[in-house]
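The values are calculated or read from the model by the stated rules, or taken from the named source; none is laboratory data. Values in this document were obtained by computation on a predicted structure and should not be read as measured data. No Cβ is skipped: glycine too gets one built from the backbone with ideal geometry, and neighbour counts run over all protein chains shown. Keep in mind that these areas ignore ligands, DNA and RNA; they rest on the heavy atoms of the full protein, side chains included. Shrake-Rupley method; radii C 1.70, N 1.55, O 1.52, S 1.80 Å.
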Amino acid sequence: MIFSAPLGPGHVARQHVCRAGESLVWAMYRQTFYYNIDGLDQLGAPGRSLFARGASAVGRGVGEFALTFIGGGGDSADEKPPEADHLVFGPSGSSLAARAVSGLSPGKRQNRLWALTSTRLVIAHRVVVEQTPAEPEPKSFLGKAIGFGKDIGKILLDNRLTFGEHVEGEPVAVPDYQVSVEIPRAQIADVQSSGSSLRVVLVDGSGFEFLLKPKVPAQNKIVAKELTKHWLRRGENLVLGLPPVFGHVGGVVGGSLHVPWSPVGAMPPLTLDKLRWPLPAPPSPPDWVDDPTLGYWVEAPGASSTAVQLADHFAFSRGNGRLAVSDQRVAVVYPTHLFEAKPSSVFTTFAEIPRNAVRLETPYVGASLPVQPIVRLAFADGSRLDLRQP
């Protein structure tokens with residue numbers, strides 16, 4: 001888990017972009033764009049588009065060519081322009097797509113939120129709240145002494161950990177975004193996805209191409225080796241072993257939303273240090289994976305459900321317990337040294353469940369792009385537990 005990561009675009013878009021009755025299709029953060037417009041260079045000035053030399057102006061493959069071209073440049077790293085993560089293409093500088101971004105600066109890194117909803121395509125910018133000016137420095141010796149004492153007091157009193165914009169013990173704030181550009185659905189002719197890019201084509205043939213680098217789930221070789229050697233029984237084969245996932249558990253249990261979830265079952269005799277993580281953002285269940293403090297999501301008809309038994313351990317262990325799946329069983333495993341000064345084994349197993357009672361899936365959840373892979377355990381009692389892929 002990276003607690004300093006920003007709240008994901010799907011969560012933010014659902015809070016600050018979607019109107020009442022409007023549904024979110026996808027959202028993404030983008031920084032740098034260039035033009036691939038006939039009659040314009042990559043920065044929008046009159047001239048031939050350099051992208052057109054390697055790919056058609058509205059055509060296939062332009063994303064791969066853009067990454068190659070933009071990554072090039074001078075001999076010094078300082079001379080290289082920033083890589084494009086999206087392009088504006090079209091037949092002319094007066095096309096719909098070109099006009100839509102005419103107020104934006106190509107070739108520069110500027111954080112923006114793009115979102116496609118049921119009624120429009122929008123570009124939003126973050127609204128930064130200005131900080132209150134600091135109080136004037138006291139002029140008298142006594143005033144300076146008092147001010148110095150106050151500053152020292154604040155430092156001594158507030159020793160909370162910070163993770164980027166997030167603070168220990170405080171909920172992750174939802175940043176404020178305002179829509180600066182919107183294109184109605186009536187002007188969108190098609191949305192095309194090729195895996196490495198996504199293209200929104202407007203009715204006049206112009207549009208936007210977003211370059212994506214999908215995250216591919218991969219087995220952790222070190223974890224797999226440890227579990228194979230120290231956890232598997234004779235004749236047993238490892239299906240999945242995850243490294244520790246540091247994060248809160250959230251979910252809906254018995255129809256009630258719990259963010260974060262607190263264990264309800266009996267837990268191992270383990271004393272842990274004070275928890276020093278940020279708290280989850282105001283919950284948005286469809287977008288739980290966008291919250292950098294959430295590592296797990298549970299949905300269950302009641303607290304006695306199988307998924308809750310595992311979720312209890314992940315909520316309690318703060319990353320010390322990890323998921324292990326073989327062809328015979330599913331379990332939470334802890335390092336034995338947490339319980340024994342001279343451990344007799346490497347791992348201690350809890351909440352063991354027969355493998356045939358669990359369906360293992362690797363779906364993608366949420367509306368954010370690039371999509372986030374997760375591991376899902378679906379149980380026969382109708383409960384399920386999602387785990388973020390580390």
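For segment 239-264, the set of residues classified as touching a helix residue (DSSP H, G or I) at 6+ places or on another chain (Cβ under 6 Å) and open to solvent by 40 Å² or more (accessible area, probe 1.4 Å) consists of PRO263 only.
Take the residues in segment 351-370 that are more than 19 Å from the chain's Cα centre (by Cα) and open to solvent by 50 Å² or more (accessible area, probe 1.4 Å), then tell me which one is farthest from PRO244 (Cα to Cα). In this case the residue turns out to be ASN356.
In this structure, does LEU202 turn out to be within 30 Å of GLN328 (Cα to Cα), touching a Leu at 6+ places or on another chain (Cβ under 6 Å) and among the aliphatic types (A, V, I, L, M)? No; evaluated as a whole, the condition is false for this residue.
Within this structure, TRP277 fails the test of being surrounded by 16 or more Cβ atoms within 10 Å (Cβ to Cβ) and closer than 30 Å to ASP327 by Cβ.
Within segment 301-325, the only residue that satisfies the criterion of being open to solvent by 10 Å² or more (accessible area, probe 1.4 Å), aliphatic (A, V, I, L, M) and in contact (Cβ under 8 Å) with a residue 60 or more places away in the chain is ALA315.
Scanning segment 340-350 for residues that are loosely packed, with under 14 Cβ neighbours inside 10 Å and either in contact (Cβ under 8 Å) with a residue 40 or more places away in the chain or basic (Lys, Arg) (or both) returns LYS342, SER345.
Looking at segment 314-367, which of its residues are part of a strand (DSSP E or B) and on the phi > 0 side of the Ramachandran plot? Break it down into steps so the answer makes sense when it comes.
From segment 314-367, those part of a strand (DSSP E or B) are 322-326, 329-335, 347-354, 358-361, 364-365; that's our starting set.
Listed by number, the list holds a single entry, ALA351.
From the list PRO171, PRO184, exactly one residue is under 18 Å from the mean Cα position of the chain (by Cα) and not basic (Lys, Arg). Which is it? Criteria check complete, one pass: PRO171.
So the check is Cβ under 6 Å with 6+ separation or different chains; which pairs have a first residue in segment 252-280 that's closer than 14 Å to PHE316 by Cα and a second one that's open to solvent by less than 60 Å² (accessible area, probe 1.4 Å) and modelled with pLDDT under 95? The qualifying pairs are LEU270/LEU338.
Quick one: is VAL332 in contact with a Ser or Thr (Cβ under 8 Å, 6 or more places away or on another chain) and open to solvent by less than 10 Å² (accessible area, probe 1.4 Å)? Yes: the conditions hold for VAL332. When you go through VAL223, VAL201 one by one, which is the residue that is modelled with pLDDT of 90 or more, open to solvent by less than 60 Å² (accessible area, probe 1.4 Å) and within 25 Å of the chain's Cα centre (by Cα)? VAL223 is the lone residue from the list that is modelled with pLDDT of 90 or more, open to solvent by less than 60 Å² (accessible area, probe 1.4 Å) and within 25 Å of the chain's Cα centre (by Cα). Of PRO373, PRO390, PRO292, all but one fail to be within 28 Å of HIS166 (Cβ to Cβ), part of a strand (DSSP E or B) and under 25 Å from the mean Cα position of the chain (by Cα); the exception is PRO373. Taking into account only those residues within segment 93-115 that are of a type in the set (Gly, Ala, Ser) and free of Cβ contacts under 8 Å to residues at least 60 places away in the same chain, which is nearest to VAL128 (Cα to Cα)? Step by step, filter segment 93-115, then rank; the result is SER105.
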